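The block underneath contains the structure these notes are about, expressed in structure tokens.
The values are calculated or read from the model by the stated rules, or taken from the named source; none is laboratory data. Computed from a predicted model, the values in this text were never measured in an experiment. When we count neighbours, we look across all protein chains shown, and the Cβ atoms used for this are built from the backbone with ideal geometry, even at glycine.
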Amino acid sequence: MNVPITAILDQILASLPLFKPEFCLTAGFICAIATALFAEQRLKNVTFTVTALSLGATIYCLFLQVPISATTGFSGMWLVDKLGTYARILISTATLLIAFFIQQRHTRQQNGDIYSMLLAATLGMHVLCSTSSWLLAFIGIEMVSIASYLLVGYFSQNKAQSEAAMKYALFGSVCAAVMLYGLSLMYGLTGNLDFKSAQHLQGLMTASEPLVTLSILFVCVGIGFKLSFVPLHLWSPDVYQGSPTAITAFLSTVPKVGAIILFTRVYQAWSSTSFYFSELATWIIVVVALASMLIGNLAALRQKDVKRLMAYSSIAHTGFLMMAIFAYQDTFRYLFFYLVAYVLMNLATFIFIDHLEQRTGSTTLRSYMGLGRKLPLLFSAFTIVAVSLIGLPPTIGFIGKLMVFSAVFDSYQDGQDTSVLLLLVVGALTAVISLFFYFRIPLYAFIRKEDDFKHLQSSSAGLLLSVGYGLVFLVLLLGLFPQLLLDLLL
Amino acid sequence: MGLLTILIFLPLLATLLILALPISVRNSYKYIALAFTLLQFALSAYMYSNFDDSLGGIHNYEGYQYVEQLPWIRLDLGTIGILEIDYFVGIDGVSLPLLVLSTLVMLMGIGASWNIQKSTKGYYALLMLLNMAVMGIFAALDFFLFYVFYEVMLLPLYFLIGIWGGDRREYAAIKFFIYTLLGSVLMLLVIVGLYFSVINPTTGAHSFNMLLMMDPANYIDGSFFGFISNYHELFGVPSRWIGFAVLFFAFAIKVPIVPLHTWLPDAHVEAPTPVSIILAGILLKIGGYGIIRVCYGIFPDIAANSNYWLALIGVISILYGAFNALAQKDLKRMIAYSSVSHMGFVLLGIASLTAEGLSGAMFQMISHGFLSAALFFLVGVLYDRVHDRYIYHFRGLASIMPKYTAYVALAFFASLGLPGFSAFIGEAFVIIGAFNAESMATGVPRWMAIGGSIGILLSAAYFLWTLQRMFFGKIRVKGGQAWQEALTDLSRREQLILFPALALALILGIMPSLVFSKINASVLQLIDLIQPYL
């Protein structure tokens, strides 16, 4: 192990260009702290501007990385491939939208710090998307988690919001601890932390079954917390409901993208053998997908608060994404397409929820009663998003679903496995269940009669709402012409 | 852009126009809708007159007319292959009469909506969107395109029932939506399965093209829905049976067959009159059309072996629907159940697999289309005036509303299958077909034809009994003097809507060749497709 220091230095220097987008984020993070401390009082929105600029630069650098098909740097710790690059572009773009969301929505407070946390979380997600090492993955998860705890608690004004932040932090730390324990077991079993390496896989093949089971389950706890799949979903409804809507929009979309990419890589590396641990990984993903789809959709039926409803909806969509990971073969296009669809739909939904919260002062479904006649455009757009969330044509949600079904069916045709068929049928039938609760939004808005006259607050954030409409337009456009997006992903 | 595309997307243009116009000109919305639908009707009439009767269509690309095929979506999905979706529309003898019927019923629907006051902008926009979806369903030849139109149809209908409906509209709207969606999500899985089993011979890619799915040569050996050397089974049932059953289930909900019919009375009772007209006049036909085009076209081998059960379901629907209609006290519910019974004939005719039966089924769909539209319109007339449709609340209407009574009597007689009217031709051909099926060895026994005849007898019973209960005898209405004043006779607008429908019933009853000449080639082609598997 006597590598000369100069060789190491050379390698690090050679790897630096791969790290450019993350440098932009880091620089933005540091600048954002500085401006939040010193300049925010005199120059309003300066921190937001810095954040937006650094995210813009990040996206630009990422586009430069698109041609790279698969390279590693920093002694194999840093992995740049197309899936990771596209996912990072999606993450940065979504974060940019959310920064704008926060800037539009929370204008009064001195809130420069929130942007630096947002950037830190983004950096964490970038790490998740571009590594095959458990060590870096853990660092990434922790960066995202710690930034998210702060984000949830940052605007807390009442007891419910503080409770949400507390719950999130406690649940998160326990999960992180469990995951770390699992990782240490795994390191002990294999002697290598790179889950793609031959040594790691060999170690898992030869280790005793109970130990492998325990370590894999423990590791899945950590990822599952970020993805909020069943049975680690318990925190998400409370946190979604308790956080400010802009932060809920962030939590429901961006961290999931990062975690999905990591999980995809892990599953791909592990499922390729015919040994016990591969079988176990497949079983875990099938069971988790089924449970998340069923429990997410069924529990959503009883919700009265839109944000809570969206929490369960996002659990259900996670289940569906698990199905996409399960069927992942050599092309990531449908997986990525579904991720884009998911992010678009959720961002649009939360922009609408937030706007309505501003107008009515409430996020309950009941408060939408009879509003369809007063805000016809808003609720028409909201209905289109609901249609897309169910997965009906002509929206992006339908194309996403169709592609995942195609991939899963293909693997069914190869293997004739009943559990795969079950995935397909449950995936299709839960769409029917989801119709009930997504359509309660237009049901209340258009069909139920208003029983008392409600006074709507005036709203200032017209710009944000137009962004929401823009997203809905994309939902329809990509539903009719999915090629516009897919041709970009070569 | 071809004629068919214009026919499909004209209503979309109307929707956009209506949405763009300010609310201050809301009186113009109905005229816009009417103008666009009239244009569509003219277009479809033009297509009808230029239709080449000798071309069969069904599984034969050359047999389709007004064909347009444009590549729409091409996705390279790696090992899964290239996703090939076309914008592919065309019509043959099965779809042409239904397209003409749809434009006609749409016109009736818009005429019936003339007095709607509640948010007309949304109403006409949704109605036109529904119009587009319906045209698309009858014209689409790509399964993906078909599915998109099929689902798009549900949304406007949900809101039309949900917003403009009666007291229990919420329940009726969601019930209707859930039923149809349940069928269609499972259909999606079969579509995906078919997609993987079929190869487009010219491009080598998997395809959603329905015509390619109808040709056994395009199936991959050993694929899930493959024709030959297919050993795939699900719980012991061969996979092609599963595919057929799932597709049949999806369309049977629309027809509707017993026992999947329970959404229909609720939807009809709660829906506003124009929506009931469209529901009965067009949407039920989508079920029958889907069975012919999709189930029979793509799974001819299963169709040939399952027709006993289909015919049995048809007979059960005929009888069950008729007995239920006999027991109803709400006039609209009675007509809804009579729809179930009459659509049973369609299924019996299709399942008979004889030329007479299939032609009769097609004819019955057309005939039931405008007759049920007229019936629901007539119920709407009564409901508009006194907001009541309970059969026992009316007596002796003939002396208060003589014109109305005449139209009702005409519509009832036409519907119960009196010779000289269109329903007689449809039902008679279905029964002849079912009766001949035994000698053609298609697997449908003779007694089913007798079951159908009993259905006709029962329909005479419930229609005539209702006529007697409501219209004859001494005047006695529940609301007393106030009702007697409110029950004015038919207005000129109402007569204008009813007259063409009833005239058509008479014309087609006397000259059935107007329809038969168009569908004949397609019916024979379909039988040719299925014959080898019998």
| Does B:L7 satisfy being in a helix (DSSP H, G or I), crowded, with 18+ Cβ neighbours inside 10 Å and in contact with a helix residue (DSSP H, G or I) (Cβ under 7 Å, 6 or more places away or on another chain)? | yes
| said: One residue is enough: does the stretch B:238-247 have a residue meeting the conditions surrounded by 22 or more Cβ atoms within 10 Å (Cβ to Cβ), closer than 29 Å to B:V105 by Cβ and in contact (Cβ under 8 Å) with a residue 24 or more places away in the chain? | reply: yes
| Is it the case that some residue within the stretch B:211-221 is within 12 Å of chain A (Cβ to nearest Cβ), buried (at least 18 other Cβ atoms within 10 Å of the Cβ) and not β-branched (V, I, T)? | no
| Residue that is touching a residue at least 12 places away in the same chain (Cβ under 8 Å), over 20 Å from the mean Cα position of the chain (by Cα) and either within 14 Å of chain A (Cβ to nearest Cβ) or closer than 24 Å to A:G400 by Cβ (or both), where the choices are B:F235, B:F224, B:F176 | B:F224
| task | Considering only the stretch B:418-429, state which residues are crowded, with 24+ Cβ neighbours inside 10 Å and farther than 18 Å from B:G288 by Cβ. | result | B:F421
| request: Can you confirm whether the stretch A:437-450 contains a residue that is in contact (Cβ under 8 Å) with a residue 60 or more places away in the chain and either within 23 Å of A:L96 (Cβ to Cβ) or polar (S, T, N, Q) (or both)? | output: no
| query | How about the stretch B:62-120: which of its residues are within 30 Å of A:F332 (Cα to Cα) and of a type in the set (F, W, Y)? | reply | B:W72, B:Y87, B:F88
| message | For the stretch B:88-124, give me each residue that is in a helix (DSSP H, G or I), among the small types (G, A, S) and buried (at least 24 other Cβ atoms within 10 Å of the Cβ). | response | B:S95, B:S102, B:G109, B:A112
| Only one residue in A:L389, A:L377 is touching a residue at least 40 places away in the same chain (Cβ under 8 Å), more than 10 Å from every other protein chain (Cβ to nearest Cβ) and in contact with a helix residue (DSSP H, G or I) (Cβ under 9 Å, 6 or more places away or on another chain). Which one? | A:L389
| Hey, among the residues in the stretch A:302-331 that are of a type in the set (S, T, N, Q) and within 14 Å of chain B (Cβ to nearest Cβ), which one's nearest to A:D410 (Cα to Cα)? | A:Q329
| Which one of B:V185, B:V190 is assigned to a helix (DSSP H, G or I), closer than 28 Å to A:V426 by Cα, within 12 Å of chain A (Cβ to nearest Cβ) and without any contact (Cβ under 8 Å) to a residue 40 or more places away in the chain? | B:V185
| request: Output the residues belonging to the stretch B:512-534 that are of a type in the set (F, W, Y) and either in contact with a strand residue (DSSP E or B) (Cβ under 7 Å, 6 or more places away or on another chain) or over 10 Å from B:S359 (Cα atoms) (or both). | output: B:Y533
| message | Among the residues of the stretch B:430-443, are any out of contact with any His (no Cβ under 7 Å at 6 or more places or on another chain), of a type outside the set (S, T, N, Q), buried (at least 22 other Cβ atoms within 10 Å of the Cβ) and at positive phi? | response | no
| Residue match in the stretch A:344-366 (condition: of a type in the set (G, A, S), modelled with pLDDT of 95 or more and within 21 Å of the chain's Cα centre (by Cα)) | yes
| Odd one out for B:L126, checked against (1) at pLDDT 90 or above; (2) facing another protein chain (nearest Cβ under 10 Å) | (2)
| said: Need the failing condition index for A:N192 against (1) of a type outside the set (D, E); (2) free of Cβ contacts under 8 Å to residues at least 24 places away in the same chain; (3) in a helix (DSSP H, G or I), just the number. | reply: (3)
| In the set B:Y150, B:Y195, B:Y171, which member is more than 9 Å from chain A (Cβ to nearest Cβ), under 22 Å from A:V432 (Cβ atoms) and out of contact with any Gly (no Cβ under 7 Å at 6 or more places or on another chain)? | B:Y171
| Filter result (in a helix (DSSP H, G or I) and in contact with a Pro (Cβ under 9 Å, 6 or more places away or on another chain)) within the stretch B:17-62 | B:A33, B:F36, B:T37, B:Q40, B:Y48
| field | Search result, residues across the stretch A:427-455 that are surrounded by 20 or more Cβ atoms within 10 Å (Cβ to Cβ), more than 10 Å from chain B (Cβ to nearest Cβ) and either β-branched (V, I, T) or out of contact with any helix residue (DSSP H, G or I) (no Cβ under 8 Å at 6 or more places or on another chain) (or both) | value | A:I441
| field | Where B:R74 falls short, out of the listed (1) part of a loop (DSSP other than H, G, I, E, B); (2) out of contact with any Ser or Thr (no Cβ under 7 Å at 6 or more places or on another chain); (3) not aromatic (F, W, Y) | value | (1)
| query | Is it the case that some residue within the stretch A:117-129 is surrounded by 19 or more Cβ atoms within 10 Å (Cβ to Cβ), over 20 Å from A:L150 (Cα atoms) and at pLDDT 85 or above? | reply | yes
| Which ones in the stretch A:396-426 are at the interface with chain B (Cβ under 9 Å from one of its Cβ atoms) and either closer than 30 Å to A:Y368 by Cα or not in a helix (DSSP H, G or I) (or both)? | A:F398, A:I399, A:K401, A:Q416
| request: Assess whether A:I315 counts as being within 30 Å of A:E357 (Cα to Cα), surrounded by 21 or more Cβ atoms within 10 Å (Cβ to Cβ) and not small (G, A, S). | output: yes
